[in-house]
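These notes concern the structure reproduced below.
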Amino acid sequence: MTAFFEGIAPLAYAPDAGDDLAFRHYNPDEIVLGKRMEDHLRFAVAWWHSFAWEGGDPFGGRTFERPWFGSTMDLAKLKADVAFEMFAILGQPFFCFHDVDIRPEGADFAENTRNLEEIVDYIGEKMAAGGPKLLWGTANLFSHRRFMSGAATNPDPDVFAFGAATVKTCMDATHKLGGANYVLWGGREGYETLLNTDLGRESEQMGRFLSMVVEYKHKIGFDGTILIEPKPQEPTKHQYDYDVSTVYGTLKRFGLENEVKVNIEQGHAILAGHSFEHEIATAAALGIFGSIDMNRNDYQSGWDTDQFPNNVPEVALAYYEILRAGGYTTGGTNFDSKLRRQSLDPADLIAAHAGAMDVCARGLKAAAAMLEDGGLETRRAARYAGWDSVEAQEMLTSGTLESIAERVTREAINPAPVSGQQERLENWVNRFV
Ligand code: 3MF
Ligand code: MG
């Protein structure tokens with residue numbers, strides 16, 4: 001036992017709690033729409049933001065003082081000890097990691113692999129002792145300078161090779177730890193300037209890389225879901241996996257639409273000019289919804305601030321789309337969220353997650369109440385009811401422009417607009433959030 005979270009007891013559900021080291025709304029065993037709240041939300045803690053990030057920003061360095069910061073295996077194990085102590089306090093069912101979050105950097109690929117395998121076994125023992133499960137693993141193919149021009153889309157085939165080899169080891173680690181998914185965020189799979197970029201070549205490389213990931217998944221018998229995490233830019237000027245629709249186009253192009261789904265992040269949706277619920281609804285409509293990275297951006301700044309969510313109406317609309325799509329299968333709610341660099345105390349880390357879990361619990365319950373009431377779905381179905389007619393269905397199955405033009409003439413079709421009632425629907429939603 002480390003002393004890092006000394007004095008902080010495991011959080012309990014206490015609706016009247018006087019402080020924020022308790023859950024006022026997140027009640028894991030509470031039944032919502034016939035399922036335990038914990039099983040609806042499937043919370044995960046992100047190893048990188050909670051235990052690896054040192055508090056730096058473009059204008060300043062480390063602010064956090066953590067006894068595990070450093071680059072030895074012993075410190076990596078101490079970091080894992082503290083991580084599982086925090087997991088025991090929060091009681092969340094999952095966690096996520098990149099390879100570089102849990103292992104020290106080696107001199108080469110072989111040492112990276114040895115380090116990863118050693119710490120994976122160490123983490124595996126903790127999981128076996130009753131710790132949370134792995135929601136997903138992933139490879140960090142964006143921090144080390146070798147990846148400055150990407151990995152899958154790199155102009156240097158040796159970097160492509162190093163990235164592919166690294167992904168293999170991370171898929172092996174995720175599989176070994178029973179991960180429910182495997183994620184790929186292509187932080188450097190894009191360009192900083194078109195002037196030195198061959199877009200066609202790079203997209204072919206990216207498709208080949210992803211196809212090999214899918215091939216390997218089946219080869220090792222990994223039954224988790226492969227997830228792409230869309231983001232429009234940052235750190236790139238343009239990231240190829242721009243948003244859900246763009247990812248879907250890529251999947252269709254390489255015949256992977258039934259093999260890969262998406263991990264959608266609120267902050268990334270906003271950067272792409274979409275709402276979170278737009279991206280979730282789009283993924284659900286395209287059959288590729290998988291999981292979410294839950295956080296928020298600062299609406300006055302133009303970058304991905306990865307703040308903890310604190311807006312119940314926003315998350316309610318996101319969970320409404322998730323519930324409407326049938327809920328998670330292998331996915332979950334990963335807090336890809338980090339403290340502000342001035343939030344130095346261990347208790348800040350606990351309170352930030354507790355507050356975010358409460359915000360999501362309130363959002364889930366509001367979304368469930370909206371779905372149970374059925375008001376939106378009734379109005380939505382009524383708006384499209386005209387499409388149930390034989391003539392309308394025929395237009396979608398066998399009609400032609402000529403036959404339709406003939407019918408419009410014959411029946412003197414001259415449609416009158418019908419109100420969309422947006423404000424009344426927004427009023428209705430506000431009864432629940
Ligand atoms: C960057 C991100 C990443 C991804 C992570 C897993 C570091 O904006 O959101 O977090 O979530 O690499 O794909
Ligand atoms: Mg993310």
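The values are calculated or read from the model by the stated rules, or taken from the named source; none is laboratory data. Here the structure is a predicted model, which means the values were calculated and not measured. For neighbour counting, all protein chains shown are included, and Cβ atoms are generated from backbone atoms with ideal geometry for every residue, glycine included.
Restricting attention to region 280-334, the residues that are in contact with a strand residue (DSSP E or B) (Cβ under 6 Å, 6 or more places away or on another chain) and either at positive phi or touching a residue at least 60 places away in the same chain (Cβ under 8 Å) (or both) total 9.
Which members of region 17-45 meet the condition of being touching a helix residue (DSSP H, G or I) at 6+ places or on another chain (Cβ under 8 Å) and under 24 Å from Lys77 (Cβ atoms)? Step through it out loud before you land on a result.
First, pick out the residues of region 17-45 that are touching a helix residue (DSSP H, G or I) at 6+ places or on another chain (Cβ under 8 Å): 20-33, 37, 40-41, 43, 45.
Answer for region 17-45, where residues must be touching a helix residue (DSSP H, G or I) at 6+ places or on another chain (Cβ under 8 Å) and under 24 Å from Lys77 (Cβ atoms): just Val45.
Taking region 155-196 as the range and being without any contact (Cβ under 8 Å) to a residue 40 or more places away in the chain and surrounded by 18 or more Cβ atoms within 10 Å (Cβ to Cβ) as the test, only Val159 passes. Out of all the residues in region 336-344, is one or more in a loop (DSSP other than H, G, I, E, B) and touching a Pro at 6+ places or on another chain (Cβ under 8 Å)? Among the residues of region 336-344, at least one is in a loop (DSSP other than H, G, I, E, B) and touching a Pro at 6+ places or on another chain (Cβ under 8 Å), which makes the answer yes.
If a residue has to be in a strand (DSSP E or B) and not charged (D, E, K, R) to count, how many in region 260-305 make the cut? The qualifying residues number 8. Pairs linking a residue in region 97-108 that is farther than 14 Å from Val120 by Cβ and away from ligand 1 (no atom under 16 Å from the Cβ) to a residue that is in a loop (DSSP other than H, G, I, E, B) and polar (S, T, N, Q), with Cβ atoms under 7 Å and 6 or more positions apart or on different chains, are Glu105/Ser71.
Here's the yes/no breakdown for (1) aliphatic (A, V, I, L, M); (2) surrounded by fewer than 16 Cβ atoms within 10 Å (Cβ to Cβ):
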| residue | (1), (2) |
| --- | --- |
| Ala361 | yes, no |
| Gly386 | no, yes |
| Leu396 | yes, yes |
| Glu406 | no, yes |
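Tell me yes or no: at least one residue of region 73-85 is within 17 Å of Met357 (Cα to Cα) and at pLDDT 95 or above. Looking for residues that are within 17 Å of Met357 (Cα to Cα) and at pLDDT 95 or above, one finds none in region 73-85, hence no. If the condition is being within 13 Å of ligand 1 (Cβ to nearest atom) and either in contact with a helix residue (DSSP H, G or I) (Cβ under 7 Å, 6 or more places away or on another chain) or touching a residue at least 60 places away in the same chain (Cβ under 8 Å) (or both), then region 237-266 contributes Asp241, Val262, Asn263, Ile264, Glu265, Gln266. Hey, Ser291 hits all of (1) buried (at least 22 other Cβ atoms within 10 Å of the Cβ); (2) modelled with pLDDT under 95; (3) among the hydroxyl-bearing types (Ser, Thr, Tyr) but one; which does it fall short on? Of (1) buried (at least 22 other Cβ atoms within 10 Å of the Cβ); (2) modelled with pLDDT under 95; (3) among the hydroxyl-bearing types (Ser, Thr, Tyr), only one is false for Ser291: (2).
Looking at Glu85, is it under 18 Å from Thr2 (Cβ atoms) and either within 16 Å of ligand 1 (Cβ to nearest atom) or acidic (Asp, Glu) (or both)? So Glu85 fits the description; yes. Within region 226-236, the set of residues being closer than 27 Å to Asp172 by Cα, within 14 Å of ligand 2 (Cβ to nearest atom) and in contact with a helix residue (DSSP H, G or I) (Cβ under 8 Å, 6 or more places away or on another chain) comprises Ile228, Glu229, Pro230, Lys231. Here is a check on your reading of the model: is Gly267 over 15 Å from Trp185 (Cα atoms) and at pLDDT 95 or above? Spelling it out, it is not the case that Gly267 is over 15 Å from Trp185 (Cα atoms) and at pLDDT 95 or above.
Counting only residues that are over 23 Å from the mean Cα position of the chain (by Cα) and either closer than 22 Å to Ile228 by Cβ or not hydrophobic (A, V, I, L, M, F, W, C) (or both), give me the helices (runs of 4 or more DSSP H) lying completely in region 85-202 with at least 1 of them.
Values: elements: 99-102, 109-128, 157-176.
Where helices (runs of 4 or more DSSP H) fall fully within region 85-202 and carry at least 1 residues being over 23 Å from the mean Cα position of the chain (by Cα) and either closer than 22 Å to Ile228 by Cβ or not hydrophobic (A, V, I, L, M, F, W, C) (or both), they are 109-128, 157-176.
Just one of the numbered conditions (1) more than 16 Å from ligand 2 (Cβ to nearest atom); (2) within 15 Å of the chain's Cα centre (by Cα); (3) closer than 20 Å to Phe23 by Cβ; (4) outside any helix (DSSP H, G or I) is not true of Tyr319: (4). Within region 333-340, does at least one residue satisfy the condition of being more than 20 Å from Thr225 (Cα to Cα) and surrounded by fewer than 20 Cβ atoms within 10 Å (Cβ to Cβ)? Yes - at least one qualifying residue is present in region 333-340.
Is at least one residue of region 193-205 within 16 Å of ligand 1 (Cβ to nearest atom) and within 26 Å of Asp304 (Cβ to Cβ)? No, there is no match, as no residue in region 193-205 is within 16 Å of ligand 1 (Cβ to nearest atom) and within 26 Å of Asp304 (Cβ to Cβ).
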